[in-house]
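What follows draws every value from the coordinates through simple rules; no lab data is involved. Computed from a prediction, not measured in an experiment: that's the story for all the values here. Cβ placement follows ideal geometry from the backbone for every residue including glycine, while neighbour counts extend to all protein chains displayed.
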Amino acid sequence: MPPELGKEEPIKKLTLFLSFVFLTVFFAPLLRAKETLTLASTTSTLDSGLFEALIPPFEKKFSCTVKVIAVGTGQAMRLARDGNADVLLVHDREAEEKFVADGFGLERLDVMHNDFVLVGPAADPARVGGQKAAAAFQRIAAAAAPFASRGDDSGTHKKELKLWRAAGVTPGGAWYLESGTGMEATLRIAAEKGAYCLVDRATWLAHQKEIDALAILAQGDDQLFNPYSVVVVSPAKFPWLNARLAARFAEFIRSVEGQAIIRAFGRERFGAPLFFPDVVR
């Protein structure tokens, strides 16, 4: 081998080594920065558009990506019980407390609330207008008026079942239509069938202009209160979960910044807030 070539080999090796060090020092932190948080939540938070306002600031603040799985509250909790979600944002207080008591969640923390409304055809064949929730449900059953239920173990479905129990009614028969789908799809079925439907106010406000066959007929009842909570899934149960980022998400949506986003969401587009913050008021 010519002597000059032999001298070039160490230089090439040194150059490659220095290039590797440069890439490691400057680019590896950027590659590591894009962590992923898996958030299991309700279809109402997605359908309302809240996540479009809430998630981008969080992603920017913590250089991460949030993967949202929007399903009914019951299914969201089953995902978390199987270790397939880092954090929950759901609305079934009783189920949330059991989730934590069973050791699957660290703590149930208040975030925000809105309420449910009973919508139906403007003609109101069951004459439920202005009634309290339980009385309205009794009249719907007595008239065998069509009622569209989500039937999907969601927080809305569980609230609906509680209202039927309060009314002393076991729903069933041709008038009771179980969609097995999310809130928006169930609303559209109700509009097509001229049916009554229980819906969270956020989803209603977000879609009422498209679903003009229905109108709010009963609202304002204490039984229609709809609180949302955040729960970090237990890393002791599932060590592979991103508990650190989940805790940051819980802190963010309960912080001054996160609560301000919640408070402002919907005012400009819908003329009214869709959710009300419960931590920073």
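Here are the numbers:
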read-out	value
Residue among Glu160, Glu96, Glu107 with the largest mean-square fluctuation in a Gaussian network model of the chain, springs linking Cα atoms under 10 Å	Glu107
Net length gained if the chain between Asp212 and Ala142 were fully extended (0.36 nm per residue, minus Cα distance)	22.6 nm
Spatial separation of Cα centroids for the stretch 224-281 and the stretch 180-211, in angstrom	24
Residue exposure sequence - Cys64, Cys197 - by fewest surrounding Cβ within 10 Å	Cys64, Cys197
Of all DSSP beta bridges in the chain, antiparallel share, percent nearest 5	60
Net charge of Cβ neighbours under 12 Å - reference Ala166; Lys, Arg +1; Asp, Glu -1	+1
The chain - charge dipole about Cα centre, Lys and Arg +1 at Cβ, Asp and Glu -1, debye rounded to 20	240
Options Phe58, Leu214, Phe137, ranked by Cα towards positive dipole end of the chain, top entry (Cβ charges)	Phe58
Where labels lie 7 Å past Cα in the beta-carbon direction, separation of Glu251 and Glu107 in nm	1.2
Proximal charge balance of His207 [Cβ under 9 Å; K/R count +1, D/E count -1]	-1
Dipole of the stretch 115-224, positive direction: furthest Cα of Leu187, Val117, Gln223, with charges on the beta-carbon	Gln223
Potential lengthening between Ala185 and Ala123 on full extension [0.36 nm per residue; Cα-Cα distance subtracted]	20.1 nm
Label corresponding to Cα extents along the principal axes in Å when calculated from the structure given, among (i) 58, 45, 32; (ii) 101, 40, 39; (iii) 62, 44, 33	(ii)
Separation in nanometres of the label points that stand 7 Å from Cα toward Cβ, at Lys98 and Leu161	0.8
Gained length - Phe276 relative to Arg81, 0.36 nm times residue gap less alpha-carbon distance	67.4 nm
Helical contribution to [θ] at 222 nm, DSSP H n ≥ 4, -39,500 (n - 2.57), averaged over the chain, rounded to 500	-14500 deg cm²/dmol
Relative contact order for the stretch 115-224, counting Cα pairs under 8 Å that sit 6 or more residues apart, in percent	46
Separation of the Ala264 and Ala135 label points, Cα + 7 Å toward Cβ, nm	4.2
Sorted by Cβ neighbour density within 10 Å, fewest at the top, the residues Leu79, Leu187	Leu79, Leu187
Pairwise FRET efficiency - Phe225 versus Ile69, Cβ, R0 = 30 Å, nearest 0.05	0.75
Dipole axis of the chain (+1 Lys, Arg; -1 Asp, Glu on Cβ), positive-most option in Pro171, Gln75, Ala148	Gln75
Whole-number percent relative contact order across the chain, with pairs defined as alpha carbons under 8 Å at least 6 apart	25
Under the span-like rule (Cα at least 24 Å along the axis, Kyte-Doolittle mean at least -0.5), DSSP H helices of the chain	3-33
